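Below is one structure; the comments refer to it alone.
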Amino acid sequence: MKTFITDDFLLYNETARELFHNTAKNLPIIDYHNHLNQYEILEDKNFNNLSEVWLGGDHYKWRALRANGISEDYITGGKSDYEKFLAWSKTVPNTIGNPLYHWTHLELLRYFEIDQLLDEESAPAIWEEANAKLATPELSVRSLLKNKNVEFVGTTDDPVDDLKAHEDLAKEDIGFTVSPSFRPDNGLGIEKEGFLAWVEKLEQATNSSIENYDAFLDALAKRVDYFAEHGCKSSDHGINVMFYEEATKDEVASIFAKRLKGEALSEKEVEQFKTYTLVTLGELYAEKGWVMQLHINPLRNNSTRMFKLLGPDSGFDSIGDRLLADKLSNLLDAMDINDKLPKTVLYSLNSRDNNVLAAMAGNFQSDEVPGKVQFGTAWWFNDTIDGMEDQMNTLANIGLISNFIGMLTDSRSFLSFPRHEYFRRILCNILGTWVEQGKAPKDMKLLETYVRNICYENAKRYFAI
C-alpha cells in the first residue's frame with residue numbers, strides 16, 4: 001500500500017504550501033548538533049543493510065520495540081539483522097501518532113524512493129530493494145549527506161578525543177563541512193566513578209601532569225585551543241540537574257584536591273566545582289566566539305537492571321522535572337556580569353520549562369548578535385509535531401521567532417535528515433495558519449524571509465559558518 005506522504009504533507013493551507021515549496025524545501029541544511037560518527041564519514045562507509053543503518057544505536061526505535069513487547073534479542077541482542085528488521089516492520093504499524101511513523105516512511109521515500117507502507121507483509125521486498133541501493137556509491141555515507149543538501153555537520157566529541165578524522169576530512173573537498181563540538185561532561189562529572197580515569201586521559205591528551213586544579217583548568221584550555229584549531233564552532237553540555245553554587249577558586253581547588261585523594265564530596269562541593277568550572281569554560285568559549293549549548297533536565301538510566309545489562313544511551317532515559325530557573329539565571333549571570341557570556345542555546349527535555357527558557361533567553365541578549373541567547377528547538381521526547389509547534393509558539397509569544405536558529409537532528413543515524421524537512425513543513429504550516437487566522441499579513445516577501453532565516457541563514461550566521 002502506498003504511503004500518505006504527499007507533496008503537501010502537513011501543509012494545511014495555501015500560504016503554508018507556497019512557503020514550503022517556494023522557499024523552505026530546497027534550502028541547505030545546517031545540522032549543528034548530532035552524534036554522527038566522523039570516522040564513518042571519513043571512510044565514506046556503505047552500510048551492509050537497512051537494519052544496520054536504521055536500527056543500530058537508535059534508542060528511539062528501541063523504546064518503541066520494547067513498548068510493542070519485542071524481546072531484547074531482537075533489539076540489542078544476538079538475532080540477525082534481518083530478524084531485527086522484521087521485528088521493526090511488525091512494530092511500525094503500531095506507531096501511528098508517534099513521529100517514528102512519519103520519519104520511517106519519509107526516510108524510505110527520500111533515500112530509497114520506496115513509496116510503500118512498512119509492515120510485515122511489505123518488509124521482505126523493502127529489505128531487498130533498500131539493501132541493493134545501500135550497496136551503491138549513491139548511498140554511501142557522504143552521498144547520504146550530500147543528497148539531502150547538508151552543508152554543515154556538528155559532531156559531538158569528548159575533550160580527550162583525537163580529532164585526526166576531522167583533520168583529514170578538512171583536507172578533502174567532500175562537499176560539506178564536518179566540525180567537532182566540545183562535550184566536556186566527563187570533565188564536570190567530578191562525582192562520577194570514572195572521573196579520575198578521565199583526568200588521566202586528559203593528562204595523556206595534553207602531555208601534562210594534573211596534580212591540582214590550576215593544572216586541570218590549563219589542560220581543559222589546551223583542549224579548547226585544540227578543538228578551535230580543528231574548526232570547532234560550539235560546545236555542548238548535558239545537565240541532568242541544573243546547578244549553581246558560588247565558590248572561590250581556592251575553595252574549588254581544595255574540592256578538586258579532595259577528589260584526587262579519593263575522598264567523598266558533599267552535594268554542595270560537587271555543585272561548587274561544576275559551577276566554577278563551567279563558568280571558566282564559558283568564558284573561554286566567549287573568547288573563541290563559540291556557541292555554548294545546555295541540554296537540561298533528562299532523567300538518565302532509570303532501569304538499573306537494564307543499565308547493568310546494556311550501559312548508558314540504550315533507551316532507558318526519560319524526562320526530568322527538577323526546577324531550573326533560579327540556578328540557570330545565576331549561572332548565565334555569572335558569565336554575563338563580566339561580559340563573558342558566550343552565545344548560548346538553552347534546551348530542556350521537559351516542555352514544562354518552555355516558558356522559563358524563552359523568558360530567560362531574553363534577559364541576556366546583545367546588540368552585537370541578534371538572538372545571542374536562544375531558546376533551542378524542541379528536543380528528544382519533544383521532537384514531535386505538538387512539541388515543535390509548542391516550542392515555536394512559545395518562542396514567538398515571549399521572544400522573537402524571527403531570530404530562531406531552527407532545527408537539528410541530535411541523531412546517530414545518517415538517515416535522520418528528513419527530520420529537517422519535517423520541521424520545515426511544520427514551521428511553514430504555523431506561519432500559514434497565522435495568516436489564515438488573520439494573525440499575520442500575507443506579505444509573502446516578509447514570510448519567506450522568516451522561513452529562509454529560521455531554516456538556514458540564522459544558524460549560518462550564529463555559528464559563523
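The values are calculated or read from the model by the stated rules, or taken from the named source; none is laboratory data. None of the values given here were measured: they were computed from a predicted structure. All Cβ positions, even for glycine, are placed from backbone atoms using ideal geometry, and neighbour counts span all protein chains on display.
Overview of results
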item	result
Boolean, Phe381 is assigned to a helix (DSSP H, G or I), under 15 Å from the mean Cα position of the chain (by Cα) and surrounded by fewer than 19 Cβ atoms within 10 Å (Cβ to Cβ)	yes
Residue in region 194-212 that is modelled with pLDDT of 95 or more, among the β-branched types (Val, Ile, Thr), touching a helix residue (DSSP H, G or I) at 6+ places or on another chain (Cβ under 6 Å) and not in a loop (DSSP other than H, G, I, E, B) present	yes
Some residue of region 199-222 being surrounded by fewer than 18 Cβ atoms within 10 Å (Cβ to Cβ) and within 18 Å of the chain's Cα centre (by Cα)	no
Every pair of residues 6+ apart whose Cβ atoms lie under 6 Å, when the first sits in region 287-299 and is assigned by TED's automatic domain parsing to the domain that holds His230 while the second is buried (at least 21 other Cβ atoms within 10 Å of the Cβ) and part of a helix (DSSP H, G or I)	Met292/Gly282; Met292/Tyr285
Filter result (in contact with a Lys or Arg (Cβ under 7 Å, 6 or more places away or on another chain) and not in a loop (DSSP other than H, G, I, E, B)) within region 2-38	Thr15, Phe20, Thr23, Ala24, Ile29, Ile30
Residue selected from region 39-96 under the condition of a type in the set (Lys, Arg) and assigned to a loop (DSSP other than H, G, I, E, B), by the criterion farthest from Leu415 (Cα to Cα)	Lys79
Odd one out for Tyr101 among (1) in contact (Cβ under 8 Å) with a residue 40 or more places away in the chain; (2) within 20 Å of Leu408 (Cα to Cα); (3) among the aromatic types (Phe, Trp, Tyr)	(1)
Filter result for the condition that a residue is modelled with pLDDT of 95 or more, of a type outside the set (Ser, Thr, Tyr) and under 30 Å from Ala286 (Cα atoms), over Ile385, Ile398, Ile430, Ile426	Ile398
Candidate set: region 244-268, residues that are in contact (Cβ under 8 Å) with a residue 60 or more places away in the chain and under 15 Å from Gly187 (Cα atoms); chosen: the one surrounded by the fewest Cβ atoms within 10 Å (Cβ to Cβ)	Leu260
Residue tally, condition of a type in the set (D, E, K, R), touching a residue at least 12 places away in the same chain (Cβ under 8 Å) and over 13 Å from Glu18 (Cβ atoms), over region 425-460	2
Candidate set: region 316-360, residues that are over 30 Å from Asn302 (Cα atoms) and of a type in the set (Gly, Ala, Ser); chosen: the one surrounded by the fewest Cβ atoms within 10 Å (Cβ to Cβ)	Ala359
Region 225-243 - residue that is of a type outside the set (D, E, K, R) and part of a strand (DSSP E or B) and, of those, farthest from Ile190 (Cα to Cα)	Ser234
Members of region 298-324 that are over 18 Å from the mean Cα position of the chain (by Cα) and part of a loop (DSSP other than H, G, I, E, B)	Asn301, Asn302, Ser303, Gly311, Asp321, Arg322, Leu323, Leu324
Residue ID - surrounded by the fewest Cβ atoms within 10 Å (Cβ to Cβ), chosen from residues in region 361-375 that are hydrophobic (A, V, I, L, M, F, W, C) and part of a strand (DSSP E or B)	Val373
Residue among Asp44, Asp73, Asp58 that is under 27 Å from Ile319 (Cα atoms), surrounded by fewer than 19 Cβ atoms within 10 Å (Cβ to Cβ) and out of contact with any Gly (no Cβ under 6 Å at 6 or more places or on another chain)	Asp73
Test result for Ser179, surrounded by 20 or more Cβ atoms within 10 Å (Cβ to Cβ), touching a Lys or Arg at 6+ places or on another chain (Cβ under 6 Å) and polar (S, T, N, Q)	yes
Filter pass, Leu10 being touching a residue at least 24 places away in the same chain (Cβ under 8 Å), surrounded by fewer than 21 Cβ atoms within 10 Å (Cβ to Cβ) and on the phi > 0 side of the Ramachandran plot	yes
Any hit, region 269-278, residues being surrounded by fewer than 19 Cβ atoms within 10 Å (Cβ to Cβ) and either small (Gly, Ala, Ser) or modelled with pLDDT of 95 or more (or both)	no
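Quick grid of which residues meet (1) assigned by TED's automatic domain parsing to the domain that holds Ile401; (2) buried (at least 20 other Cβ atoms within 10 Å of the Cβ); (3) out of contact with any Asp or Glu (no Cβ under 9 Å at 6 or more places or on another chain):
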residue: Arg412; (1), (2), (3): yes, no, no
residue: Leu415; (1), (2), (3): yes, yes, no
residue: Pro418; (1), (2), (3): yes, yes, no
residue: Asn429; (1), (2), (3): yes, yes, no
residue: Trp434; (1), (2), (3): yes, no, yes
residue: Gly438; (1), (2), (3): yes, no, yes
residue: Asp443; (1), (2), (3): yes, no, yes
residue: Leu446; (1), (2), (3): yes, no, yes
